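Here is the structure we will look at.
Any read-out appearing in this document is the output of simple, stated calculations on the displayed coordinates, not a laboratory observation. Model, not experiment: these values are computed from the prediction. With ideal geometry, Cβ positions are generated from the backbone for all residues, glycine too; neighbour counts draw on all protein chains shown.
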Amino acid sequence: MSETETETETEPPLLADVYPALVSFLDAALVSEGESALAQVVMGLRFHGWCGCSPTCSYLRTAVADRADSTWIHLDDEAPRVWLQFDQDRTSFGGMEICEFDLGPAPALDRDRPSGLG
């Protein structure tokens, strides 16, 4: 087996496959804010799991922990629903805080996580 095949097999799933409603929301919200390039980035984000600091933590990782930057943006209607944390290059996202957003049914990849947070 080649090195490329091994990397593909161990690569985390796409966030869109785990939480399609979230990715659809982020895509539409970023496009409406004039951030089409960032919307395209969201489509390729990987699901690296939930923060393990507590059972109720609502931080979802989209990159390895050391890639996260200290810069955040939020997407909202009236109140922040999702906070996006940029990665160190500020070209993608290292994670996101899910505040007031129903993630919908949790697929088999994430059975232990509740379907809605808030």
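Quick look at the numbers
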read-out: Sequence ranges 33-40, 50-57, ranked by mean other-Cβ count within 10 angstrom, highest first; value: 33-40, 50-57
read-out: Gained length - THR10 relative to ALA65, 0.36 nm times residue gap less alpha-carbon distance; value: 18.1 nm
read-out: Summed residue charge, Cβ within 10 Å of ARG67's Cβ, Lys/Arg positive, Asp/Glu negative; value: -3
read-out: Computed magnitude of the charge dipole of segment 20-87 (debye, nearest 20; Cβ of K, R +1, Cβ of D, E -1); value: 340
read-out: Packing rank of 22-29, 10-17, where each peptide gets the mean count of other beta carbons within 10 Å, highest leading; value: 22-29, 10-17
